[in-house]
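The next block holds one structure in the form of structure tokens; read it before the comments.
The values are calculated or read from the model by the stated rules, or taken from the named source; none is laboratory data. These figures come from a predicted structure and were not determined experimentally. Cβ: placed from backbone, ideal geometry, glycine included. Neighbour counts: every protein chain shown.
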Amino acid sequence: MPSARTLLLTTLTMLAFAGNSVLCRIALRETGIDAASFTTIRLVSGAVVLWLIVRFFRRAQAGGGSWLSALMLFAYAAGFSFAYLSLTTATGALLLFGAVQATMICWGLWRGERFGAWQLVGLALAVGGLVGLLMPGLSAPPLAGAALMLMAGAAWGVYSIRGKGAGDATCVTAGNFLRAVPFAVVLSLLPLAEARLDAAGVAYALASGAITSGLGYAIWYTVLPALKATSAATVQLSVPVIAALGGIVFLGEAMTLRFALASVAILGGIALVILRAPSRGG
């Protein structure tokens, strides 16, 4: 059984991951900041915090990572921000999480992993839930926003796959954040006439980058070795739920029946795939 410290740090990490969705949605709906500026400030502040953690607590240089991984990190962060111009907090988090897990599951299948009967049931359930969520109707999310969030999730899935076995995860993440900054700066310069900043929006972006991204990832990579692989994957099922609650509490977003049913199908299906995965080793 995980220790009290592991449980506390895991809980804090899930709150941080869900907090990214809440902070981004609040900033883009309630303040004047634009999505490109939010992305840039988030990545810059995250890079600074991670660099400081690596430099002063790990006594190392943040020289890990790669440009391809940084590009995937940027694609995730940019798609995430622009998607939240139109998506609710809950829907965005559910689509993001589903796309991340789907990308990693597809990677496993491509590498030769095989599903058992219950895993196939779970996969069908998750796909059915996603289709049901995106089908046209009064409560369907905007297609452009949904597509952007699915792209962001796929990019984060690729980023996660590339990060496996890449060395010290915190150092690698710090290096990737630093490399992602130039991509974000270019993005901010492209629509220069539409760039908008205000104090509240900048504050939310700084909080998203420094606290829920930078500190959140650092804590996650600290606690991850203490969790089993299935536990680490399963505990992330809580993120869309926490984000949905955050949207209700802080933004007054409504919980629709379509979203509730899709959440049960998608998260339940993914849980079946993860928990029924055959154990390796011997």
Picking from Gly167, Gly122, Gly137, Gly145, the residue that is in a loop (DSSP other than H, G, I, E, B), in contact (Cβ under 8 Å) with a residue 60 or more places away in the chain and over 30 Å from Ile53 (Cβ atoms) would be Gly137
Checked pairs for the stretch 188-200, first modelled with pLDDT under 85, second of a type in the set (Gly, Ala, Ser), C-beta under 7 Å and 6 or more apart or across chains, list as Pro191/Ala36; Ala195/Ala36; Ala195/Ser37; Ala195/Ser188
Within the stretch 90-112, residues being in contact (Cβ under 8 Å) with a residue 12 or more places away in the chain and either in contact with an Asp or Glu (Cβ under 6 Å, 6 or more places away or on another chain) or farther than 30 Å from Val249 by Cα (or both) number 4
Residue pairs qualifying under the 7 Å Cβ cut-off, at least six apart or on distinct chains, with the first in the stretch 251-278 being assigned to a helix (DSSP H, G or I) and the second being of a type in the set (Ser, Thr, Tyr), are Leu251/Thr89; Arg258/Ser139; Phe259/Thr91; Ala271/Thr234; Ile274/Thr230; Ile274/Thr234; Leu275/Thr230; Leu275/Thr234
Per the list (1) out of contact with any Gly (no Cβ under 6 Å at 6 or more places or on another chain); (2) modelled with pLDDT of 85 or more; (3) part of a helix (DSSP H, G or I); (4) of a type outside the set (D, E, K, R), residue check on Ala232 breaks on (2)
